[in-house]
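The values are calculated or read from the model by the stated rules, or taken from the named source; none is laboratory data. None of the values given here were measured: they were computed from a predicted structure. All Cβ positions, glycine included, derive from the backbone under ideal geometry; neighbour counts span all protein chains shown. Calculation scope for accessible area: heavy atoms of the full protein, side chains included, ligands and nucleic acids excluded. Shrake-Rupley method; radii C 1.70, N 1.55, O 1.52, S 1.80 Å.
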Amino acid sequence: MGPLIYFGEISTEWNYVIAVFIGMAFGYIMEASGFSSSRKLVGVFYGYDFAVLRVFFTASLVAMIGLLYMGYFGWIDYKVLYVHPTFVYSASIGGVIMGLGFITGGFCPGTSLCAVAIGKLDGWVFTGALIVGIFLYSLIFPLIEPYYLAGNLGHITITEYFDIAPAWFAFFFTVLAIVAFFISNLIRKKVKKVRY
C-alpha cells in the first residue's frame, strides 16, 4: 500500500491491517470462484476448463491498466514500487518445476492454502509436501546458489528490457488476452464434445 500517495502517508500498522483485509477478500474470491478444487485448476491442462487462464489474464490486465491510470493521475509513485530482480535461469527452471507440480498435484501454493482453509484432504497433502519441499530446498540452496544467481538481469521490467512504452505493452497484452480467450473457448468446446 506504500506507493499510494493520493491518500497521504499510510503508516506501517495500517499497511498490515489493509493487507489482512485484502488477503481475506482474495481468499474469499478464490474459494467463491472454485479455485479450491484441484479438478477445476488442472482443467486448463486438459482443455475442459480455462477459468484459471481467464482469471490470471484478467487480474494482470486490471492491475496493469489500474497502475497506468493511477500513475497518470498522480496517485502512485512508480519510484517506490519494488521490482524483484530477474534471474533468467532459476526463473525458467522454477517455472517448469512449478508447472509440473501444478499439473501433478492440482494446486499452486496459494490455491492449496485455500483448499486447506476449507478442510480438503488433497489440499492438506499438497501443502504438507510443499512445506517439505521448501525445507529441502533451503538445505541444498548453498550448493545451488551460483546456479540460482546465474543470468541476473537486475531490477528490470519487461517494458525496460524491450524498450517499449508501458501503454503499448498494455495494449499488446490486452490483444494477447482476447486471442487467448477466443482460442481457449474453441478448445473447451472441442474437448467437451469429445468427452460427452
- [ ] Only helices at least 15 Å long along their axis, Cα-based, and averaging 0.0 or more on Kyte-Doolittle count here, so list those DSSP H runs from the chain.
- [x] 12-32, 51-72, 88-105, 121-148, 166-195
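Once you charge only the Cβ atoms, +1 for Lys and Arg and -1 for Asp and Glu, what is the size of the charge dipole of the chain about its Cα centre, to the nearest 20 debye?
1220
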- [ ] Report the percentage of all Cα-Cα pairs in the stretch 1-114 whose separation exceeds 16 Å, rounded to a whole percent.
- [x] 72
Task: Accessible surface, 1.4 Å probe, highest first, among residues LEU149, LEU113, LEU53 - done: LEU113, LEU149, LEU53
- [ ] Starting from the eigenvalues of the Cα gyration tensor, five times each then square-rooted, give me the equivalent ellipsoid semi-axes of the stretch 9-68, largest first, whole Å.
- [x] 29, 16, 6
TODO: Straight distance only, please: which lysines reach the Cα of LYS192 with their own Cα at less than 23 Å, same-chain residues fewer than 8 apart left out?
DONE: LYS40
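With the full set of protein chains in place, find how many percent of the accessible area of the chain is carbon and sulfur; take the probe as 1.4 Å.
The computed percentage sits at 74.
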Open item on the list: Restricting to DSSP loop positions (anything but H, G, I, E, B) with no more than 13 other Cβ atoms inside 10 Å of their own Cβ, which chymotrypsin sites (Phe, Trp or Tyr not before Pro) remain in the stretch 75-179?
Closed with: TYR82
Task: Label point distance in nm, VAL17-TYR147, each placed 7 Å from Cα along Cα→Cβ - done: 4.7
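Roughly speaking, what is the stretch gain from ILE93 to ALA32, that is 0.36 nm per residue apart minus the C-alpha to C-alpha distance, in nm to one decimal?
Length gained between ILE93 and ALA32: 18.8 nm.
Remind me, what semi-axes does the stretch 92-196 give for its equivalent ellipsoid, largest first in whole Å, using sqrt of 5 times each Cα gyration tensor eigenvalue?
Output for the stretch 92-196: semi-axes of 30, 28, 13 Å.
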- [ ] Taking all pairs of distinct Cα atoms, average 1/r, flip it, and tell me the Kirkwood hydrodynamic radius of the chain in Å to one decimal place.
- [x] 19.8
Task: Accessible area (Å², per residue) of the chain, counting only protein heavy atoms and a probe of 1.4 Å - done: 71
